[in-house]
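Colleague: For reference, the structure I am asking about is given below.
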Amino acid sequence: MDKQIKGYESAIELIRDYPEWRPVVAAALEEAQHARSNHFAGAWILERAKKYGIQWIPNFRKLVAYGILQKDGESSRGGRRAYYTMPDIKGVEKALREIETVKNMVPYSGHQITDSGVSRLKFVMVPFFGNLASCGNPNDSETFIDDYYKVDTKFIKPGYQYYVVHADGDSMNMVEINDGDLVLVRVQNYPKVGDIVVAHTPEGVTIKEFHLRGHKVLLMPRSDNPVHKPLLLDNVEIQGIVVTTIPK
């Protein structure tokens, strides 16, 4: 495996599995960048890690096991007396930069996930609205966000905005969107025919299947409950496309 890919993927994997180790990896990277000949003691990493607020004693064997560090000689006390090298400084640096970008971007932007490194992470935090009625316009900075919800990155495409809502009612139960389900929505104003969309209509916000009838929008329910009827509308605001339901 290429050296840079090894260091990059090792750091991504460790921090994905153990997020609390991110400042320890950052401290090890700083030590490697400043040490003469990339040769430094575990105790020096620990001192730097304390500046990041680490109040526990890391066992540096974990960094070795993940391939981020290589150990020179034998050690004791969790590897703090050993000396180490970091074989791929640039790869680890790239991984930390991408993780920090995604970490900061998701909460601060509210909705947008744009970093290409998102696919390297296991989860991202997406804004959560308590129900469809409170969802409003996801592009409105004043829209109330109830919380953030952890979403698997296999559902996330970098460059799009996302939010999570509770489905309200059984109008889409034949496509496995049931009352109270958590629904992941990608903000996209131009759906294809057949997409399941979140639409803002004169009667409120609803989840329906998108179709066109001439110059009008036809929103179709997909339900075994006959009370739900199609909506044929002149004006409708598409607020997003349903990606999937997610486990509660």
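The values are calculated or read from the model by the stated rules, or taken from the named source; none is laboratory data. Computed from a predicted model, the values in this text were never measured in an experiment. Virtual Cβ from ideal backbone geometry, glycine too; neighbours counted across all protein chains shown.
Colleague: What is the one condition in (1) at pLDDT below 50; (2) in the same structural domain as residue 203 (by TED's automatic domain parsing) that residue 148 does not satisfy?
Modeller: (1)
Colleague: State all residues of segment 30-74 that are in a loop (DSSP other than H, G, I, E, B) and touching a residue at least 40 places away in the same chain (Cβ under 8 Å); if no residue qualifies, say none.
Modeller: Result: 39, 66, 67, 68, 69.
Colleague: Which members of segment 69-92 meet the condition of being acidic (Asp, Glu), surrounded by fewer than 17 Cβ atoms within 10 Å (Cβ to Cβ) and modelled with pLDDT of 90 or more?
Modeller: none
Colleague: Please go through segment 207-245 and pick out each residue that is part of a loop (DSSP other than H, G, I, E, B) and either more than 24 Å from residue 162 (Cα to Cα) or hydroxyl-bearing (Ser, Thr, Tyr) (or both).
Modeller: The answer is 214, 215, 223, 224, 225, 226, 227, 228, 229, 230, 234.
Colleague: In segment 201-230, how many residues are without any contact (Cβ under 8 Å) to a residue 40 or more places away in the chain and surrounded by 16 or more Cβ atoms within 10 Å (Cβ to Cβ)?
Modeller: Of the residues in that region, 8 qualify.
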